[in-house]
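Q: Questions regarding the structure given below will be posed in turn.
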Amino acid sequence: MAQNMIETKQLTKKFGKESVLKEIDIHVRRASVYGLLGANGAGKSTLLKVLTGILKPTSGEIWVDGKRWDRNQVASVGSMIEGPAIYPNLSAHDNLKVLSLLLDLPEKRIEKVLEIVGLVNVGKKRAGQFSLGMKQRLGIAMALINEPEVLILDEPTNGLDPLGIQELRELIRSFPERGITVILSSHLLTEVQLVADDIGIIHEGVMGFEGKNDRNAHDLETIFMKIVQQNRAEVSR
């Protein structure tokens with residue numbers, strides 16, 4: 001069994017002549033939370049889309065559980081990228097029922113994931129009437145429906161109030177205990193530092209830092225700014 005659930009080797013993505021990802025190497029440990037930090041436009045969402053198969057890499061390799069990535073491994077990955085894709089006129093249960101029918105999954109799985117994300121008691125309330133935090137939880141439930149080994153979340157705390165952020169933080173921290181490996185992206189340094197086991201910092205498509213997260217340290221902002229300034233200096237040469 002590979003120690004790292006996900007690895008990439010010199011992963012590159014170009015749109016035309018523009019390189020959005022530049023030879024990215026990441027190492028995501030099994031049953032951990034990996035925080036992908038970067039400013040808006042740094043390449044976070046593009047990297048996550050490549051990891052989930054939404055986008056095809058221009059070059060480089062992706063390894064999942066010690067095996068070269070292929071389309072058959074999509075079933076082992078759940079994701080919520082650029083917000084939850086919910087039907088606003090349906091309840092949480094019915095949103096999940098539609099998805100379970102599409103994926104040919106047993107309906108008993110619905111109640112299980114609703115319990116995991118804390119949406120058991122919302123009844124027939126339509127998802128369009130949910131708070132933003134509840135919508136995010138429903139999106140995560142949808143990503144969990146196929147019992148994935150890897151859960152990929154793109155900016156999951158965007159727009160949430162402090163209570164919603166804390167509740168979602170606790171939910172995300174619970175996933176490694178269930179054997180789920182989590183990759184989450186954010187531009188919020190504090191939030192990533194509070195939840196992640198390991199951190200990767202990406203800036204303008206370059207992975208500038210990767211290492212274990214010390215939740216008691218106060219130098220993450222210093223590291224982040226140093227990487228940004230280094231990359232800016234290289235671009236200006």
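Q: Which residues, counting only those in the range 56-81, are exposed (fewer than 13 other Cβ atoms within 10 Å of the Cβ) and within 17 Å of the chain's Cα centre (by Cα)? Break it down stepwise before answering.
A: Just the residues of the range 56-81 that are exposed (fewer than 13 other Cβ atoms within 10 Å of the Cβ), to begin with: 56, 59, 66-68, 70-72, 75.
Scanning the range 56-81 gives a single hit, 75.
Q: Conditions first: (1) at pLDDT 95 or above; (2) within 23 Å of the chain's Cα centre (by Cα); (3) polar (S, T, N, Q). Residue 89 passes all but one, so which condition is the exception?
A: All conditions are met except number (2).
Q: Of the numbered conditions (1) over 22 Å from residue 181 (Cα atoms); (2) touching a helix residue (DSSP H, G or I) at 6+ places or on another chain (Cβ under 9 Å), residue 147 fails exactly one; give the number of that condition.
A: (1)
Q: May I ask you to list the residues in the range 101-135 that are farther than 23 Å from residue 146 by Cβ and part of a loop (DSSP other than H, G, I, E, B)?
A: 123, 124, 125, 131 - these are the residues of the range 101-135 that are farther than 23 Å from residue 146 by Cβ and part of a loop (DSSP other than H, G, I, E, B).
Q: I'd like the residue in the range 1-39 that is in a strand (DSSP E or B) and without any contact (Cβ under 8 Å) to a residue 12 or more places away in the chain and, out of all such residues, is surrounded by the most Cβ atoms within 10 Å (Cβ to Cβ).
A: Filtering the range 1-39 for residues in a strand (DSSP E or B) gives 4-15, 18-29, 33-37.
Still in the list and also without any contact (Cβ under 8 Å) to a residue 12 or more places away in the chain: 15, 18.
Numbers: 15: 10, 18: 8.
Among residues in the range 1-39 that are in a strand (DSSP E or B) and without any contact (Cβ under 8 Å) to a residue 12 or more places away in the chain, the one surrounded by the most Cβ atoms within 10 Å (Cβ to Cβ) is 15.
Q: Is one or more of the residues making up the range 141-164 in a helix (DSSP H, G or I), modelled with pLDDT under 95 and β-branched (Val, Ile, Thr)?
A: Within the range 141-164, none of the residues are in a helix (DSSP H, G or I), modelled with pLDDT under 95 and β-branched (Val, Ile, Thr).
The values are calculated or read from the model by the stated rules, or taken from the named source; none is laboratory data. This structure is a prediction, so every number in the text was calculated from the model and none was measured. Counting neighbours? That spans all protein chains shown, and the Cβs are built from the backbone with ideal geometry, glycine included.
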